[in-house]
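Following: one structure in structure tokens, then a few remarks.
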Amino acid sequence: MSGPVSGPVSGLGGARRAHEGILRRQSARESAARTYARALPIVPVRARGLTIEGADGRRYLDCLSGAGTLALGHNHPVVLEAIHKVLDSGAPLHVLDLATPVKDAFITELFRTLPPGLADHARVQFCGPAGTDAVEAALKLVRAATGRTGVLAFTGAYHGMTAGSLEASGGASDVRVTRLPYPQDYRCPFGVGGETGAELAARWTESLLDDPKSGVRPPAGMILEPVQGEGGVIPAPDAWMRRMRQLTADRSIPLIADEVQTGVGRTGAFWAVEHSGVTPDVMVLSKAIGGSLPLAVVVYRDDLDVWEPGSHAGTFRGNQLAMAAGTATLAYVRENDLAHRAATLGSRLLDQLRSLATDFPCIGDVRGRGLMIGLELVDPAGERASMTDALRTDPISPPAQGPHPAAPGLAAALQQECLRRGLIVELGGRHASVVRLLPPLTITDEQAAAVLDRLADAMTAVAHAHAVGAAPTDHPLIRQSRPAPAPPHEERP
Ligand code: PMP
């Protein structure tokens, strides 16, 4: 990307005024529910790959990637070419759910990528265009197929913002949803973490299903994320995933994998369920499958296909541009084995971030899978949670002491310092204390190094800002004396 911002205003001062005017009008006119726009006051006007350029001429490395949507980054040439091809062909852009060559090619490419065991018996339902629409459709499908209503869902889950998805998410509760513990090492609800924590979580699930007086009726389905994204970047252990598959299969409970965020190479496998070898009965897919345009589908085993004609309809199920962009994206990720690239680069980044964390006790945990990475910020001066020592069979793998309290203020400060340095990161987690990195799978080694540099620089600035009045080496936020960083440059290449 090059050149100044074009338009009626010229020069940097004019561009900045235009940028500020747009932001002012946004806060005056748009809903109080706006989210990303509050923490990221930027006005994107151009973007390519990892880079976004704002209306004020500033450039950013974008590790938010449309909340994990942009597997190939912004405006990848194969995506643009696919969109242009549809536009130039004169094909209709709106077709309800009619068959078209564009849709036919999308389904062929999608089915080619599906986990073995599902690919040969799969049906696909095109939903409304958002991930939450596909979650709704999946819940409705398993209810129709089983004749039951209850759903098993997990602590920390995020499945979307419409009524059914919301009740399956961790932030809400409803009588139709039974909440089960999602295994996690760092803040293990059993105070033990590791394999033992995951085993206890599985046993709790099993006992609820088998105890006739547990208060849980046989459910219509179980919905889970193989890696919780919004819940704070928490990968499910593969063995636990296999236990969930076994528990559900033995009891004829359809297993729904929500791969809205984890799909299309993000976690180091094309679909995150492949890590554990689990074949779900239903997969919920969105975000990257539309190649940056809105598209959502449910894929499911054909014996669940009990829909009556028209029982899950919708006007916007035939977005031809999204299907073409999605086909190009799926094919590019598959042909270039970008899942493998995500796995190797992701594990290198995790190592480097863990090494950074040794300098900053306020980085309580670094975790992730592939290019889905999170740093949990904590208050190292706060009292640690207690661990259940009696349960610890393996004293080495889980942390010897429990976690410090979450530090959402530090996480927000780190996000702002990153932004000042031209790096866009996401915040998430149960306590909004997890700084998340979701770079495109096409990120180069040099770009990854630049991301880490900016992040380390921002972390140093945050630690120093919170260390005011104390010698850096004495302060709990900084383990060794890191020099205070120079103020960030305003313009970045
Ligand atoms: N499921 C998961 C796992 C998600 O991460 C999200 C979005 N972050 C959704 C569902 C909902 O998708 P959408 O925002 O497109 O409705």
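Quick notes
- Any hit, region 356-366, residues being hydrophobic (A, V, I, L, M, F, W, C), assigned to a loop (DSSP other than H, G, I, E, B), out of contact with any Pro (no Cβ under 8 Å at 6 or more places or on another chain) and open to solvent by 40 Å² or more (accessible area, probe 1.4 Å): no
- Test result for residue 179, over 18 Å from residue 367 (Cβ atoms) and either more than 16 Å from the ligand (Cβ to nearest atom) or of a type in the set (Phe, Trp, Tyr) (or both): yes
- Residue satisfying all of: in region 37-53; touching a residue at least 40 places away in the same chain (Cβ under 8 Å) and of a type in the set (D, E, K, R); farthest from residue 22 (Cα to Cα) among these: 48
- Put simply, of 306, 298, 284 the only residue that is in a loop (DSSP other than H, G, I, E, B) and among the aliphatic types (A, V, I, L, M) is 306.
- Residues located in region 429-456, provided they are outside any helix (DSSP H, G or I) and closer than 23 Å to residue 291 by Cα: 436, 437, 438, 439, 440, 441, 442, 443, 444
- Odd one out for residue 76 among (1) surrounded by fewer than 22 Cβ atoms within 10 Å (Cβ to Cβ); (2) over 30 Å from residue 277 (Cα atoms): (1)
- Members of region 160-173 that are within 11 Å of the ligand (Cβ to nearest atom), of a type in the set (S, T, N, Q) and either surrounded by fewer than 18 Cβ atoms within 10 Å (Cβ to Cβ) or not in a loop (DSSP other than H, G, I, E, B) (or both): 162, 165
- Among the residues of region 278-314, those identified as of a type in the set (S, T, N, Q) and farther than 26 Å from residue 70 by Cβ are 279, 311.
Residues checked against (1) part of a loop (DSSP other than H, G, I, E, B); (2) within 16 Å of the ligand (Cβ to nearest atom); (3) more than 17 Å from residue 217 (Cα to Cα); (4) touching a residue at least 24 places away in the same chain (Cβ under 8 Å):
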position	(1), (2), (3), (4)
112	no, no, yes, yes
136	no, yes, yes, yes
143	no, no, no, yes
158	yes, yes, yes, yes
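- A count restricted to region 287-310 and to residues that are under 13 Å from the mean Cα position of the chain (by Cα) and open to solvent by less than 10 Å² (accessible area, probe 1.4 Å) stands at 1.
- Comparison of 132, 149 shows that the only residue that is over 20 Å from residue 241 (Cβ atoms) and either among the basic types (Lys, Arg) or assigned to a loop (DSSP other than H, G, I, E, B) (or both) is 149.
- When residues of region 222-254 are limited to those that are more than 15 Å from the ligand (Cβ to nearest atom) and not in a helix (DSSP H, G or I), the one nearest to residue 276 (Cα to Cα): 237
- Any hit, region 261-280, residues being closer than 25 Å to residue 220 by Cβ, within 16 Å of the ligand (Cβ to nearest atom), within 19 Å of the chain's Cα centre (by Cα) and open to solvent by 10 Å² or more (accessible area, probe 1.4 Å): yes
- So residue 311, is it out of contact with any Pro (no Cβ under 9 Å at 6 or more places or on another chain) and more than 12 Å from the ligand (Cβ to nearest atom): yes
- Search result, residues across region 437-452 that are under 16 Å from residue 421 (Cα atoms) and either without any contact (Cβ under 8 Å) to a residue 12 or more places away in the chain or touching a helix residue (DSSP H, G or I) at 6+ places or on another chain (Cβ under 9 Å) (or both): 437, 448, 449, 451, 452
- Residue in region 232-239 that is under 14 Å from residue 153 (Cβ atoms), outside the structural domain of residue 406 (by TED's automatic domain parsing) and surrounded by 24 or more Cβ atoms within 10 Å (Cβ to Cβ) present: yes
- Meets criteria (at pLDDT 95 or above, more than 15 Å from the ligand (Cβ to nearest atom) and farther than 26 Å from residue 444 by Cα) for residue 337: no
- In region 296-317, the residues that are assigned by TED's automatic domain parsing to the domain that holds residue 102 reach residues that are open to solvent by 30 Å² or more (accessible area, probe 1.4 Å) and assigned to a strand (DSSP E or B) with C-beta atoms within less than 6 angstrom, at least six apart or across chains, in these pairs: 297/124; 299/124; 300/123; 302/123; 305/123.
- Of all residues making up region 154-195, the number that are touching a Lys or Arg at 6+ places or on another chain (Cβ under 7 Å) and more than 19 Å from residue 428 (Cβ to Cβ): 3
- Of 397, 433, 481, all but one fail to be of a type in the set (S, T, N, Q) and modelled with pLDDT of 95 or more; the exception is 433.
- Restricting attention to region 224-258, the residues that are in contact with a strand residue (DSSP E or B) (Cβ under 9 Å, 6 or more places away or on another chain) and not β-branched (Val, Ile, Thr) total 19.
- Looking only at region 412-466, and only at residues there that are under 17 Å from the mean Cα position of the chain (by Cα) and either assigned by TED's automatic domain parsing to the domain that holds residue 260 or among the small types (Gly, Ala, Ser) (or both), the one that is most open to solvent (accessible area, probe 1.4 Å): 432
- Restricting 313, 288 to those that are on the phi < 0 side of the Ramachandran plot, modelled with pLDDT of 95 or more and small (Gly, Ala, Ser) reduces the list to 288.
- Scan of region 114-134 for residues that are open to solvent by less than 30 Å² (accessible area, probe 1.4 Å), within 12 Å of the ligand (Cβ to nearest atom) and at pLDDT 95 or above, ordered by number: 131, 132, 134
The values are calculated or read from the model by the stated rules, or taken from the named source; none is laboratory data. Keep in mind that what you see is a predicted model, and the values were worked out from it rather than measured. Cβ atoms come from the backbone with ideal geometry, glycine included; neighbour counts cover every protein chain shown. These accessible areas exclude ligands, DNA and RNA; they are computed on the full protein's heavy atoms, side chains included. Shrake-Rupley method; radii C 1.70, N 1.55, O 1.52, S 1.80 Å.
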